[in-house]
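The numbers here are math on the coordinates, done by the rules we state, and not lab data. Not measured: the values here are computed from a predicted model. With ideal geometry, Cβ positions are generated from the backbone for all residues, glycine too; neighbour counts draw on all protein chains shown.
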Amino acid sequence: MGKRRRVAERRKTSPAVLAGGAIAVVAVGAAVAGYALYGGSSAAEDRGRSTSAGEKRVKTGPLSAKEVATASRAFLTAWQQGSVAGAAAATDDAAAAREVLTGYTEKARVRDVTLTAGSPTGAEVPFSVKGTVTHGKLSEPLVYDSALTVVRRETDGEPVVAWRPSVVHPDLKDGDTLVTGEAGIPPIKALDRDGGELTTATYPSLGPVLDSLREKYGKTAGGKAGIELRVVRDKKSKSAEKTLLELSKGTPGTVRTTLDPALQAAAEEQVARKARSSVVVLRASTGEILAAANASKGFNTAFQGSLAPGSTMKVITSSLLIEKGLASADKAHPCPKYFTYGGWKFQNDDKFLIKDGTFKASFARSCNTAFISQAPELDDDSLTEQAQQVFGLGLNNWSVGVSTFDGAVPVQSKAQMAAELIGQGGVRMNPLNMASVSATVKSGVFHQPYLVSPEVDGRKLATAARTMSAGTLAQLRDLMSYTAAYGTAAEAMAGVSGDVGAKTGSAEVDNQKKPNGWFTAYRGDLAAAGVVQAAGHGGETAGPIVAALLKLGG
């Protein structure tokens with residue numbers, strides 16, 4: 001009798017567990033069910049325990065398709081049903097998720113959210129968002145796409161959503177907030193140098209530039225704020241606020257820029273052909289920015305990138321060596337296959353060497369050891385001072401009219417100092433910085449680049465402490481001219497006529513198969529620079545982009 005009762009009890013238990021599992025899957029988005037599955041309740045903890053009292057069994061191994069589907073459904077369903085607690089508990093950082101999700105409802109005022117999951121790719125699940133943003137009597141539909149990634153929670157290995165703010169909206173970063181209300185900054189109408197309107201419809205890569213212009217000039221350009229949904233950036237962020245949706249249009253103020261419409265259109269066309277490419281064109285005699293474009297629309301690498309510039313840095317290093325009497329264009333200069341300094345063994349691309357060659361030959365062929373071999377004769381701060389005092393770089397004092405990174409050449413010693421001579425180590429630049437380097441060589445004096453005339457707001461542009469001597473400048477121009485005609489830049493610069501000069505660069509990056517390709521050059525009164533990340537040598541990648549733009553003017 002006792003045995004039959006135990007068998008009957010086991011039969012009753014099994015269907016109950018199965019039914020409970022089915023209900024949990026179907027109703028996993030409900031506040032209670034979602035929290036029970038992922039919130040660390042006693043039931044969830046019990047499932048994670050091993051047979052030994054007091055120990056937990058942590059799940060490991062790749063996520064199954066079922067685990068990805070269940071975890072993503074738990075998060076999305078709870079969010080759609082308005083259960084902030086349930087959705088937050090379905091992530092690996094409930095506190096951070098709760099803050100952003102609460103703000104989505106209370107500050108962004110998004111209502112009636114519908115979330116539709118797409119087909120997963122491994123642990124990543126794309127989904128679409130449809131909702132309504134309301135403010136008083138105003139309302140507008142909100143539609144966008146996002147994605148989430150499922151991971152195993154560290155404490156017990158249960159599948160949960162990896163929390164990051166971009167899950168809620170792809171434009172959100174850590175510390176950012178979505179807010180609907182009167183815009184903190186009135187809109188602007190940005191114009192090119194000829195008075196034509198600049199829009200992302202015509203110039204796709206100008207989004208970050210237009211956002212930055214609005215942030216700087218919106219309150220002074222004479223516009224009136226409207227009601228909009230926008231991204232308010234974290235105080236530490238360098239990115240500008242971004243408008244996502246307008247519920248009522250404000251009245252824009254007007255800001256005129258220095259951009260040349262023909263050059264900007266050509267720059268957009270060029271970067272569209274090369275993934276991860278960026279380019280800047282300047283007027284060498286004034287510093288006016290005539291074009292700036294990026295293949296990637298989300299970040300303005302052209303102005304804000306911080307990348308090792310590779311051998312384009314040799315333009316600055318050459319000016320230093322010539323000034324100090326350590327090199328002269330037409331005099332003999334060593335270019336060995338290897339040179340060891342500070343415990344590092346440096347070599348040239350393909351381990352070439354130049355026997356009985358001149359410094360001009362080493363510059364044109366981009367011989368690394370020709371520069372590294374002079375490291376023992378330099379002070380640790382020599383290159384830093386040259387970059388700052390002659391080329392205006394690394395002082396963080398440019399006033400362009402939008403947010404920029406102004407280059408960095410930190411003082412370093414031994415091997416790291418030597419690496420900086422060839423644009424590696426701690427040196428960091430972007431196309432704006434390197435276009436300015438070519439502009440300084442062409443004009444003979446540093447002119448701080450600018451996108452908005454200082455006459456608009458009376459701001460003061462940065463200046464350099466000194467200029468190169470006439471002799472140093474003449475040699476530097478000779479080096480760049482020779483490189484454009486006969487050196488590593490010759491193929492890209494073929495067909496670019498007139499008074500020209502150029503320098504190529506390739507910057508090695510850890511864990512990257514191909515180097516970043518750099519190219520900086522001038523023609524007449526135009527100076528330009530470009531980079532193509534993870535693509536190969538600069539003469540073959542960034543060179544054609546820069547050369548195509550230089551052909552349009554000068």
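Positive contributions from Lys and Arg (+1) and negative ones from Asp and Glu (-1), summed over other residues with Cβ under 15 Å from the Cβ of Leu320, come out at -3. Put in line by how crowded their Cβ is, counting other Cβ atoms within 10 Å and starting with the fewest, Ile422, Ile185 read Ile185, Ile422. Arranged from fewest to most other beta-carbon atoms within 10 Å of their beta carbon, Met417, Met434, Met480 become Met417, Met480, Met434.
The Rg/Rh ratio of the chain, with Rg taken over Cα atoms and Rh as the Kirkwood radius over Cα pairs, comes to 1.10. Straight-line cross-link partners of Lys189 among the lysines, defined as a Cα under 25 Å from its Cα and at least 8 positions apart when in the same chain: Lys216, Lys219, Lys224, Lys238, Lys242, Lys249, Lys297, Lys460. Per the Cα gyration tensor, segment 262-550 maps to an equivalent ellipsoid with semi-axes of 27, 20, 18 Å, ordered largest to smallest.
Reported value for segment 182-257: 91 Å³ per residue, from the convex hull of its C-alpha atoms.
Reachable lysines from Lys551, Cα under 17 Å, same-chain residues fewer than 8 places away excluded? Within reach: Lys442, Lys503. Take the Cβ atoms of Ser296 and Leu191, set R0 to 25 Å, and the FRET efficiency comes out at 0.50. Electrostatic bookkeeping for Asp406 treats Lys and Arg as +1 and Asp and Glu as -1; over the other residues with beta carbon under 13 Å from its beta carbon, the sum is +2. Site pair Asp350 and Lys173 shows an inter-label distance of 4.0 nm when each label is modelled 7 Å from Cα along Cα→Cβ.
Principal semi-axes of the equivalent ellipsoid, √(5λ) from the alpha carbon gyration tensor of segment 243-367, are 43, 18, 14 Å from largest down.
Considering segment 47-178 at the alpha-carbon level, its Rg and Dmax are found to be 16.1, 60 Å.
Charging the Cβ of each Asp and Glu at -1 and of each Lys and Arg at +1, and nothing else, the dipole of the chain about its Cα centre rounds to 2020 debye. Extending 7 Å from Cα along the Cβ direction at Ala534 and again at Thr254 yields two label points whose distance is 4.4 nm.
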